[in-house]
Amino acid sequence: MNPHGITLAKIIPLSLARLETDATVIDEVDGELFPFFEEEARAELKSIEKLLLEWDATAAPLKELRRQFHTLKGAANSIGHIRIGALAGGMKDVLEQFDPEHAVALRHDLIKTIVQVAETIRALLQEVRAPQFNPVKKEQIVRAAQAITRLWELETDLQKAA
């Protein structure tokens, strides 16, 4: 906790709540850098899917998933795609809070949420390519943000019960 009383638990839901409010914001994506970001983002998403498909009854993938969402967050923010940055950052922050035992117990919920976030990120990438033909519906972004928040709440409840 910092001197202002702000904790990660207070920041994450506010960040996701802001994303729900600003889900239709127009990202100011750097057009010259976007192709490089898109290539990196698609590779990270493919790696995330591979990890999810191979996930066994351990918490082994957590560290790698956190790294991948951290990479997506940083790269998205650096080119001005704040919605992808917010979703990836929210997912990374939630994964950082998971106790490995809880991750195993909530594996189904984790996988479902990660898939939902990944699909939304893919849709947002497609939107940049052809916004007039591929606008991402605010509801899809809101659902992804809410899924991350629900996951945060599940983990918080498990921590309190322990």
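The values are calculated or read from the model by the stated rules, or taken from the named source; none is laboratory data. Being a predicted model, the structure only gives us computed values, none of them experimental. Cβ sites come from the backbone with ideal geometry, for glycine too, and all protein chains shown count toward neighbours. Ligands, DNA and RNA are stripped out before the accessible areas are found, and what is left, the full protein with its side chains, is counted by its heavy atoms. Shrake-Rupley method; radii C 1.70, N 1.55, O 1.52, S 1.80 Å.
One table, with the values for the structure above:
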item: Extreme residue, surrounded by the fewest Cβ atoms within 10 Å (Cβ to Cβ), among residues of segment 87-97 that are over 24 Å from Val136 (Cα atoms) and at pLDDT 90 or above; result: Glu96
item: Helices (runs of 4 or more DSSP H) contained entirely in segment 37-137, each with at least 2 residues that are over 30 Å from Ala162 (Cβ atoms) and among the polar types (S, T, N, Q); result: 61-79, 107-129
item: Residues of segment 113-162 that turn out to be polar (S, T, N, Q), within 18 Å of the chain's Cα centre (by Cα) and more than 18 Å from Leu19 (Cα to Cα), as a count; result: 2
item: Single residue of segment 109-148 satisfying the filter (touching a residue at least 12 places away in the same chain (Cβ under 8 Å) and of a type in the set (Gly, Ala, Ser)) that is most open to solvent (accessible area, probe 1.4 Å); result: Ala123
item: Segment 67-81 residues that are touching a residue at least 12 places away in the same chain (Cβ under 8 Å) and polar (S, T, N, Q), paired with ones that are part of a helix (DSSP H, G or I) and open to solvent by 30 Å² or more (accessible area, probe 1.4 Å) (beta carbon under 9 Å, 6 or more apart); result: Gln68/Ser47; Gln68/Leu51; Thr71/Glu40
item: Segment 149-159, residues that are open to solvent by 90 Å² or more (accessible area, probe 1.4 Å) and under 14 Å from Met91 (Cβ atoms); result: Arg150
item: Residue check, Phe37 in contact with an Asp or Glu (Cβ under 9 Å, 6 or more places away or on another chain) and more than 16 Å from Gly90 (Cβ to Cβ); result: yes
item: Subset of segment 102-148 that is acidic (Asp, Glu) and at pLDDT 90 or above - its residue that is farthest from Lys73 (Cα to Cα); result: Asp109
item: Single match in Ala162, Ala105 (criterion: small (Gly, Ala, Ser), closer than 24 Å to Trp55 by Cα and open to solvent by 30 Å² or more (accessible area, probe 1.4 Å)); result: Ala105
item: Yes/no for Ala60 being over 11 Å from the mean Cα position of the chain (by Cα) and either surrounded by 20 or more Cβ atoms within 10 Å (Cβ to Cβ) or more than 23 Å from Leu154 (Cα to Cα) (or both); result: no
